[in-house]
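*Asks:* Input: one structure, supplied below.
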Amino acid sequence: MPSIAKPIAQHPSLKKNNLGLTVRDYEGTMSTLCAGCGHDSITAAIVRTFWELSTPPHMIAKMSGIGCSSKTPTYFVSGAHGFNSAHGRMPAIVTGANAANRELIYIGVSGDGDSLSIGLGHLSHAIRRNVRMVYVIENNGVYGLTKGQFSASADIGSKSKRGEANRMSPIDPVMLALSLGATFVARSFSGDKEQLVPILKAAFSHRGLALIDVVSPCVTFNDHVGSTKSYLYSRQHQYKATESDFVPPASEIVAHIGSANGHISEATSVTMHDGSVVKFRALPDGYDPTDRQKVFSYLQERQGKGEVPTGLLYLDESVSDVHELNNTPDSALTSIPFEKLCPGNAELQKMLEDFR
Amino acid sequence: MPPTVEPRTSTRVNDFAVKLANVNGTGSASANGLLMQAMFRMGVPVTGKNLFPSNIQGLPTWYEIRVSKDGYNARALDYDLMVAMNSQTYARDVKEVRTGGYLLFDSSWPLDPDLNRDDIHFIGIPLAEMCNIHFNDPRERILMKNVAYAGALCALIKVDMKVVEDLLMEKYSGKEKMRVSNQTALKLGYDYATKHFDCPLPFHLDQMNANADKILIDGNTALALGCVFAGATVAAWYPITPSTSVMDAFKGFCEQFRKDPETKRNNYCILQAEDELAAIGMVIGASWNGARAFTSTSGPGISLMNELLGLAYYAEIPAVIIDVQRVGPSTGMPTRTQQGDLMICAYASHGDTKHILLFPANPHECFDFAAKAFDLAEYFQTPVMILSDLDIGMNDWVVPRLNWDDSYQPNRGLVLTKEQIEELPKFQRYFNHDENFVAARTLPGVHSKGSYFVRGSGHNKFGGYTEIPDEYQEVVDRLLLKHKASAKFVPEPIIQKRAGAKFGVLTLGGCDGAVREALDLLEDRGMPADYMRVRGFPFSDEVVQFLEDHPYTFVVEQNRDAQLRSLLMMETPVSKDKLRSVLVYGGFPLSARHVIEGILSQLT
């Protein structure tokens, strides 16, 4: 992952967020991905999200595995610690990191090879544990760094660059996550920042693991006619199932509603664990984003028709995260002084009477 | 046939061996443990070895108790008394009794006349019959047979009945019915033996005071306790024999010591991972954040962890790994012991990697080495593996009482504080290193100026990605120097010299007791030898010196391929001609006889 430092060009007119930082302060090094790569658009959405949320850069932990997608954490928030781990293992690393320090804000960036093949087990179990993190799968249906093999998310019939059709059934991260009991499931398209940014914002307020499957075309190996992960196909088949706004906690709610463009009718809203609100301003008839069964059936039906439903599809704020399950303190385990962790010799000697 | 020396066995007081042949899952383990603990409380040096199958119910299992007033704790292969409770293995068991020894059997059924021996004594007790009369519940009838033979042994080898009864009181306090049943069965056996046989037998116990400052503990429990005291907060694991009880014990101790008295929250987090790949990943993630984190596993788990051990080595992240070794390769024999993971642990992962290893010999060292492992891992920013084994980990050992030094402060290594980061013109991860080639790290969440990108891909001394040969080599060369520097910090070897020693004997881990006993016996035969037990890897100068000082050294270890000898050949300048192997790797703990035979067969 060669990195090219980005010249810091702070235009005086750049807006500052609550921390006095501009959007430039949330950027990283220059991307070395192919020109036009969907992943770069996702990076831009992540940058915008952190800036708009005024997240302190040093509190962000950028986690990834191996692959094109896993290179991207170097391209955002230089002031955050990053961990480019091994292929597929990112969810395990985050689980341990989160166990030790729950105060950090974890974003894991992965791909379809990283998460749906070599790391499928880790993804599944991170979902089961409901590790608090934002988990982005940059899904292009293909292995890029090794030059164009099908990944596990390739649709049946989708053609490779050489014209070969995939014949094995795909793993759909959204359906997988729903069936594993995921508590926040979304899908978006790399070319749709307007949809992705509010989803990312909501994801950072989520109580547990927020899974966002982002269809992100590979311009080099999977953007041809016959591919179901190309720009053209994705644009033609994307179907915005839900549209949502993210409303930060307390006083800002009113202002935010005012800014929405009149679509908030009797919108469904879900209050997040930290007090913020997700407002769904457009939902299909009878769709309840908090009803797993209905969401599952709806998606199955639409996907059966060849559509790619996107949006914040499912949300459940009632499930405990890994820390609540383990009854750990509200602050980081790493902040507990040693004196509190070590029982001391007097306790040891007392206890050793059981070994007599 | 090479000449052999008979190991010291006798039919005297406090110097004998009993073997109990049982069927697993029938409750024998608790009766056998009861006897062992009673002997311990009588102040007598005693060792118990559980030789059990990888099975839940129905397969043969043995328990060996060795009583040694001189404190020898290795297996004795000559049994003065066999308690033959398993008809499946009777033919084998009857052969193992030494000439003049005794065999206790359940006389409710006739013995196979073909398996008679006229050089041993048979003691028949109608255990099943007695239990069928006194107990109604079918399960209880089976369980209480074990307690009944324990009662008979109390009479036959003079285990103090008062001590056993006290133990039953403690064990079954609040379970009155169980206590009464146990006491009834104990008395049945005791009374029958007293009435029908000349008690005690010529070999038996007598009160001593050798255990006043000792405890009875297994290595896995001691390691878990060590991790609690060392301040470990995150533990990740995947269940695997024989290491599971490490995490069971850790959980138990954490519940006891780590519940915050005010908030009632857990000042620890135990994660049962989906596999060992994840377990080590979790440890690395937690350690990256500055927690003391560990995993416990066995050989098959180490195989899976190889990938991320390389990441932790190369990216310089601490990790503590407890490997309770079992017999490999592959699934091997999960309930048998071996020292077969030395090579895979020393060089775990692809590419050029070398790790720090610690070799505890007993539960006492397990406890001490836990804190040592965390100090080394954090200071050297690298994985540290504690290589225990099934024998150390799962058997109860009589060891000196554990002690914790209250002045201990964890060595967190070179970690920059917020203020230190603030003062730096620029933080560069691997640039400035100390005299041991360790460069300061920063923790996430402290300061954005201290941020860097952890990567397992090629990196230069600043932590940046590189594919440039010189930049790559500069980093891995420093890692090699760092590993070498750690030799001075691993526990020093134990050396025992004898006047007139003609050769050396070097070993590690749980071979300790058997080798020391063998050396005493060899000295009695006019063959004194010097002893060294290595306790860590990389090897220190003392290890090299010992090998240089002797014309040849026997390397005693429990694996087929002489892995310790190989390590010595590769990692010291000593000529391989000076290293001779004694290898015992069938899966049962070592005995002095193995060592003596192995040495004598190679002496010219």
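*Asks:* Being assigned to a strand (DSSP E or B) and not polar (S, T, N, Q): is that true of B:I65 here?
*Replies:* Values: assigned to a strand (DSSP E or B): yes; not polar (S, T, N, Q): yes.
Yes.
*Asks:* What strands (runs of 3 or more DSSP E), lying completely within the stretch B:225-299, carry at least 3 residues that are within 10 Å of another protein chain (Cβ to nearest Cβ) and buried (at least 24 other Cβ atoms within 10 Å of the Cβ)?
*Replies:* Working: elements: B:234-237, B:269-272, B:293-297.
Correct list: B:234-237.
*Asks:* Out of A:G141, A:G148, report the one residue that is under 23 Å from A:Y233 (Cβ atoms), surrounded by fewer than 22 Cβ atoms within 10 Å (Cβ to Cβ) and touching a residue at least 40 places away in the same chain (Cβ under 8 Å). Show your work before the answer.
*Replies:* On the way: A:G141 fails: surrounded by fewer than 22 Cβ atoms within 10 Å (Cβ to Cβ).
Going through A:G141, A:G148 in turn, just one is under 23 Å from A:Y233 (Cβ atoms), surrounded by fewer than 22 Cβ atoms within 10 Å (Cβ to Cβ) and touching a residue at least 40 places away in the same chain (Cβ under 8 Å): A:G148.
*Asks:* Moving on to the next point. Give B:F588, B:F537, B:F554 a once-over and let me know the one that is crowded, with 19+ Cβ neighbours inside 10 Å and over 23 Å from B:V324 (Cα atoms). I'd like the intermediate steps shown before the answer.
*Replies:* Values: B:F588 fails: over 23 Å from B:V324 (Cα atoms); B:F537 fails: over 23 Å from B:V324 (Cα atoms).
Residue meeting the stated conditions: B:F554.
*Asks:* Among the residues that make up the stretch B:325-337, is at least one of them buried (at least 24 other Cβ atoms within 10 Å of the Cβ) and within 14 Å of chain A (Cβ to nearest Cβ)?
*Replies:* Taking every residue of the stretch B:325-337 in turn, none turns out to be buried (at least 24 other Cβ atoms within 10 Å of the Cβ) and within 14 Å of chain A (Cβ to nearest Cβ).
*Asks:* Still on this structure: Could you list all residues from the stretch B:26-71 that are over 23 Å from the mean Cα position of the chain (by Cα) and closer than 25 Å to B:S243 by Cβ?
*Replies:* B:G27, B:Q57, B:G58, B:L59, listed by residue number.
*Asks:* Now for a separate question. Kindly evaluate B:G513 against the criterion of being small (G, A, S) and either touching a Lys or Arg at 6+ places or on another chain (Cβ under 6 Å) or crowded, with 20+ Cβ neighbours inside 10 Å (or both). Let's see the steps before the verdict.
*Replies:* Numbers: small (G, A, S): yes; either touching a Lys or Arg at 6+ places or on another chain (Cβ under 6 Å) or crowded, with 20+ Cβ neighbours inside 10 Å (or both): yes.
It is true that B:G513 is small (G, A, S) and either touching a Lys or Arg at 6+ places or on another chain (Cβ under 6 Å) or crowded, with 20+ Cβ neighbours inside 10 Å (or both).
*Asks:* Now for a different question. Of everything in the stretch B:430-444 that's without any contact (Cβ under 8 Å) to a residue 40 or more places away in the chain and touching a Leu at 6+ places or on another chain (Cβ under 8 Å), which residue is nearest to the other protein chains (Cβ to nearest Cβ)?
*Replies:* This residue is B:T442.
*Asks:* From the list B:P363, B:P400, B:P383, B:P410, which residue is crowded, with 23+ Cβ neighbours inside 10 Å, in contact (Cβ under 8 Å) with a residue 24 or more places away in the chain and within 13 Å of chain A (Cβ to nearest Cβ)? Reasoning before the result, please.
*Replies:* Numbers: B:P400 fails: crowded, with 23+ Cβ neighbours inside 10 Å; B:P383 fails: within 13 Å of chain A (Cβ to nearest Cβ); B:P410 fails: crowded, with 23+ Cβ neighbours inside 10 Å.
Unique residue meeting the criteria: B:P363.
*Asks:* Hey, does the stretch B:93-107 have a residue that's over 30 Å from B:E517 (Cβ atoms), touching a residue at least 24 places away in the same chain (Cβ under 8 Å) and either outside the structural domain of B:L51 (by TED's automatic domain parsing) or surrounded by 15 or more Cβ atoms within 10 Å (Cβ to Cβ) (or both)? Break it down stepwise before answering.
*Replies:* Taking the stretch B:93-107 first, the residues over 30 Å from B:E517 (Cβ atoms) are B:105-107.
After this cut, where a residue has to be touching a residue at least 24 places away in the same chain (Cβ under 8 Å) as well, the list is B:106.
Filter again for either outside the structural domain of B:L51 (by TED's automatic domain parsing) or surrounded by 15 or more Cβ atoms within 10 Å (Cβ to Cβ) (or both), leaving B:106.
Yes, there is a match, as at least one residue in the stretch B:93-107 is over 30 Å from B:E517 (Cβ atoms), touching a residue at least 24 places away in the same chain (Cβ under 8 Å) and either outside the structural domain of B:L51 (by TED's automatic domain parsing) or surrounded by 15 or more Cβ atoms within 10 Å (Cβ to Cβ) (or both).
*Asks:* While we're on this one: State whether one or more residues within the stretch A:17-32 are within 14 Å of chain B (Cβ to nearest Cβ), at positive phi and of a type in the set (G, A, S).
*Replies:* Yes, the stretch A:17-32 has at least one match.
*Asks:* Now, a different point. State all residues of the stretch A:275-310 that are closer than 18 Å to A:D245 by Cβ and either at pLDDT 95 or above or of a type outside the set (A, V, I, L, M) (or both); if no residue qualifies, say none. Give the derivation first.
*Replies:* Step one: of the stretch A:275-310, the residues closer than 18 Å to A:D245 by Cβ are A:275-284, A:287-290, A:310.
Result: A:G275, A:S276, A:K279, A:F280, A:R281, A:P284, A:Y287, A:D288, A:P289, A:T290, A:T310.
*Asks:* Kindly indicate whether any position in the stretch B:193-213 is assigned by TED's automatic domain parsing to the domain that holds B:Q325, aliphatic (A, V, I, L, M), touching a Gly at 6+ places or on another chain (Cβ under 9 Å) and outside any helix (DSSP H, G or I).
*Replies:* No - not one qualifying residue is present in the stretch B:193-213.
*Asks:* So in the stretch A:1-10, with the set limited to residues that are over 27 Å from A:V142 (Cβ atoms) and in contact (Cβ under 8 Å) with a residue 12 or more places away in the chain, which one is surrounded by the most Cβ atoms within 10 Å (Cβ to Cβ)?
*Replies:* A:K6
*Asks:* I've got another one for you. If you scan the stretch B:59-80, which residues turn out to be closer than 18 Å to B:T99 by Cα, buried (at least 23 other Cβ atoms within 10 Å of the Cβ) and of a type outside the set (D, E, K, R)?
*Replies:* B:A76, B:Y79
*Asks:* Kindly establish whether B:E542 is at pLDDT 95 or above and over 25 Å from the mean Cα position of the chain (by Cα).
*Replies:* On the way: at pLDDT 95 or above: yes; over 25 Å from the mean Cα position of the chain (by Cα): no.
When the stated conditions are applied, B:E542 does not pass them.
*Asks:* Quick one: how many residues across the stretch A:335-346 are more than 7 Å from every other protein chain (Cβ to nearest Cβ) and in a helix (DSSP H, G or I)? Full working, then the answer.
*Replies:* Going residue by residue through the stretch A:335-346, those that are more than 7 Å from every other protein chain (Cβ to nearest Cβ) are A:335, A:337, A:339, A:346.
After this cut, where a residue has to be in a helix (DSSP H, G or I) as well, the list is A:335, A:339, A:346.
Total meeting the criteria: 3.
*Asks:* Now for a different question. Can you tell me which residues in the stretch B:318-332 are under 16 Å from the mean Cα position of the chain (by Cα) and outside any loop (DSSP other than H, G, I, E, B)?
*Replies:* B:I321, B:I322, B:D323, B:V324, B:Q325, B:V327
*Asks:* When only residues in the stretch A:290-331 that are buried (at least 20 other Cβ atoms within 10 Å of the Cβ) and farther than 27 Å from A:K229 by Cα count, which is farthest from the other protein chains (Cβ to nearest Cβ)?
*Replies:* A:D321
*Asks:* Same structure, new question: Quick one: A:D172 ticks every box in (1) surrounded by fewer than 22 Cβ atoms within 10 Å (Cβ to Cβ); (2) acidic (D, E); (3) within 14 Å of chain B (Cβ to nearest Cβ) bar one, so which box is it?
*Replies:* (3)
*Asks:* Report whether or not B:E165 is buried (at least 16 other Cβ atoms within 10 Å of the Cβ) and assigned to a helix (DSSP H, G or I). Steps first, please.
*Replies:* Details: buried (at least 16 other Cβ atoms within 10 Å of the Cβ): yes; assigned to a helix (DSSP H, G or I): yes.
Considered against the rule, which asks whether it is buried (at least 16 other Cβ atoms within 10 Å of the Cβ) and assigned to a helix (DSSP H, G or I), B:E165 comes out as yes.
*Asks:* For the stretch A:116-168, how many residues are touching a strand residue (DSSP E or B) at 6+ places or on another chain (Cβ under 6 Å), within 14 Å of chain B (Cβ to nearest Cβ) and hydroxyl-bearing (S, T, Y)?
*Replies:* 0
*Asks:* Now for a separate question. Suppose the filter is under 20 Å from A:V109 (Cβ atoms), touching a residue at least 40 places away in the same chain (Cβ under 8 Å), in contact with a helix residue (DSSP H, G or I) (Cβ under 9 Å, 6 or more places away or on another chain) and in a loop (DSSP other than H, G, I, E, B); does A:A177 pass it? Talk me through it step by step, then tell me what you get.
*Replies:* Details: under 20 Å from A:V109 (Cβ atoms): yes; touching a residue at least 40 places away in the same chain (Cβ under 8 Å): yes; in contact with a helix residue (DSSP H, G or I) (Cβ under 9 Å, 6 or more places away or on another chain): yes; in a loop (DSSP other than H, G, I, E, B): no.
No; evaluated as a whole, the condition is false for this residue.
*Asks:* Moving on. Which residues, counting only those in the stretch B:46-73, are of a type in the set (G, A, S) and closer than 27 Å to B:L205 by Cα? If you could, list the steps in order and put the result at the bottom.
*Replies:* Initially, the stretch B:46-73 is screened for residues of a type in the set (G, A, S), giving B:48, B:54, B:58, B:68, B:71.
The answer is B:G48, B:S68, B:G71.
*Asks:* Then there is this: From the list B:N209, B:N220, B:N146, exactly one residue is touching a residue at least 40 places away in the same chain (Cβ under 8 Å) and surrounded by fewer than 24 Cβ atoms within 10 Å (Cβ to Cβ). Which is it?
*Replies:* Details: B:N220 fails: surrounded by fewer than 24 Cβ atoms within 10 Å (Cβ to Cβ); B:N146 fails: surrounded by fewer than 24 Cβ atoms within 10 Å (Cβ to Cβ).
The match here is B:N209.
*Asks:* Suppose we keep only residues that are charged (D, E, K, R) and within 14 Å of chain A (Cβ to nearest Cβ) within the stretch B:445-504. Which one would you say is surrounded by the fewest Cβ atoms within 10 Å (Cβ to Cβ)?
*Replies:* B:E467
*Asks:* I'd like to know if the stretch B:415-429 contains one or more residues that are of a type in the set (F, W, Y) and in contact (Cβ under 8 Å) with a residue 40 or more places away in the chain. If you could, list the steps in order and put the result at the bottom.
*Replies:* At the first step, the residues of the stretch B:415-429 found to be of a type in the set (F, W, Y) are B:427.
Subsequent filtering for residues that are in contact (Cβ under 8 Å) with a residue 40 or more places away in the chain retains none.
No; the residues of the stretch B:415-429 include none that is of a type in the set (F, W, Y) and in contact (Cβ under 8 Å) with a residue 40 or more places away in the chain.
*Asks:* When residues of the stretch B:416-459 are filtered for being touching a Ser or Thr at 6+ places or on another chain (Cβ under 7 Å) and closer than 25 Å to B:K372 by Cα, how many remain?
*Replies:* Residues meeting the conditions: 1.
*Asks:* Kindly state which helices (runs of 4 or more DSSP H) lie completely within the stretch A:11-127 and contain at least 2 residues that are more than 15 Å from the chain's Cα centre (by Cα) and surrounded by fewer than 24 Cβ atoms within 10 Å (Cβ to Cβ).
*Replies:* Working: elements: A:38-53, A:68-71, A:90-100.
Correct list: A:38-53.
The values are calculated or read from the model by the stated rules, or taken from the named source; none is laboratory data. Model, not experiment: these values are computed from the prediction. Cβ: placed from backbone, ideal geometry, glycine included. Neighbour counts: every protein chain shown.
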